[in-house]
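S.K.: Have a look at this one.
The values are calculated or read from the model by the stated rules, or taken from the named source; none is laboratory data. Because the structure is a prediction, the values reported are computed rather than measured. Every residue, glycine among them, receives a Cβ derived from its backbone with ideal geometry; neighbour counts consider all protein chains shown.
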Amino acid sequence: MKVYEKASPMTYIKNSCTPTLIQHGDADKRVPVSNAYELYRGLCDVGVETELVIFKNMGHGVNKRGIARALMKQNLIWFSHYILGESIEGFYLD
């Protein structure tokens, strides 16, 4: 049990301060989607700006072109805003 506690992001959640984008597939058999919800809730509880995006029918890896494109676009928007300081307004996912 100590191994899981040591490796869990929830153990150290109070030290978190970096804006976080969580992208997760609802069909992930390796990491349950409930873990993504728990991380999201924990980050929100400690005041970290965070966004959770759940992709329908996506497993642990990205295996569909449309999902890969959406992930990359979300990442571009997120990093452009939080690293380059660009406005998020006007960006949209299609």
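S.K.: Pairs under 8 Å by beta carbon, first residue closer than 14 Å to Ile22 by Cα and hydroxyl-bearing (Ser, Thr, Tyr) in the range 43-63, partner surrounded by 11 or more Cβ atoms within 10 Å (Cβ to Cβ) and at pLDDT 95 or above, six or more apart or different chains?
M.R.: Correct list of pairs: Thr50/Pro19; Thr50/Thr20; Thr50/Leu21; Thr50/Ile22; Thr50/Tyr40; Thr50/Leu43; Thr50/Cys44.
S.K.: Take the residues in the range 74-94 that are surrounded by 13 or more Cβ atoms within 10 Å (Cβ to Cβ) and at pLDDT below 90, then tell me which one is farthest from Val31 (Cα to Cα).
M.R.: The residue in question is Glu86.
S.K.: Which residues, counting only those in the range 46-62, are touching a helix residue (DSSP H, G or I) at 6+ places or on another chain (Cβ under 8 Å) and either in a helix (DSSP H, G or I) or among the aliphatic types (A, V, I, L, M) (or both)?
M.R.: Val46, Leu52, Val53, Ile54, Met58, Val62
S.K.: Please go through the range 78-87 and give me each residue that is free of Cβ contacts under 8 Å to residues at least 60 places away in the same chain and over 13 Å from the mean Cα position of the chain (by Cα), ordered by number.
M.R.: Ser80, His81, Ile83, Leu84, Gly85, Glu86, Ser87
S.K.: Report the residue count in the range 42-57 for those that are over 14 Å from the mean Cα position of the chain (by Cα) and under 28 Å from Tyr12 (Cα atoms).
M.R.: Counting residues in the range 42-57 that are over 14 Å from the mean Cα position of the chain (by Cα) and under 28 Å from Tyr12 (Cα atoms) gives 3.
S.K.: Which condition number in (1) assigned to a helix (DSSP H, G or I); (2) exposed (fewer than 15 other Cβ atoms within 10 Å of the Cβ); (3) not hydroxyl-bearing (Ser, Thr, Tyr) is the one that Ala70 fails?
M.R.: (2)
S.K.: I'd like the residue in the range 5-34 that is in a helix (DSSP H, G or I) and in contact with a Ser or Thr (Cβ under 9 Å, 6 or more places away or on another chain) and, out of all such residues, is surrounded by the most Cβ atoms within 10 Å (Cβ to Cβ).
M.R.: Pro9
S.K.: Please identify the pairs in which a residue from the range 1-27 that is small (Gly, Ala, Ser) has its Cβ atom under 9 Å from the Cβ atom of a residue that is modelled with pLDDT under 90 and part of a helix (DSSP H, G or I), counting only partners at least 6 apart or on another chain.
M.R.: Ser16/Pro9; Gly25/Ile67
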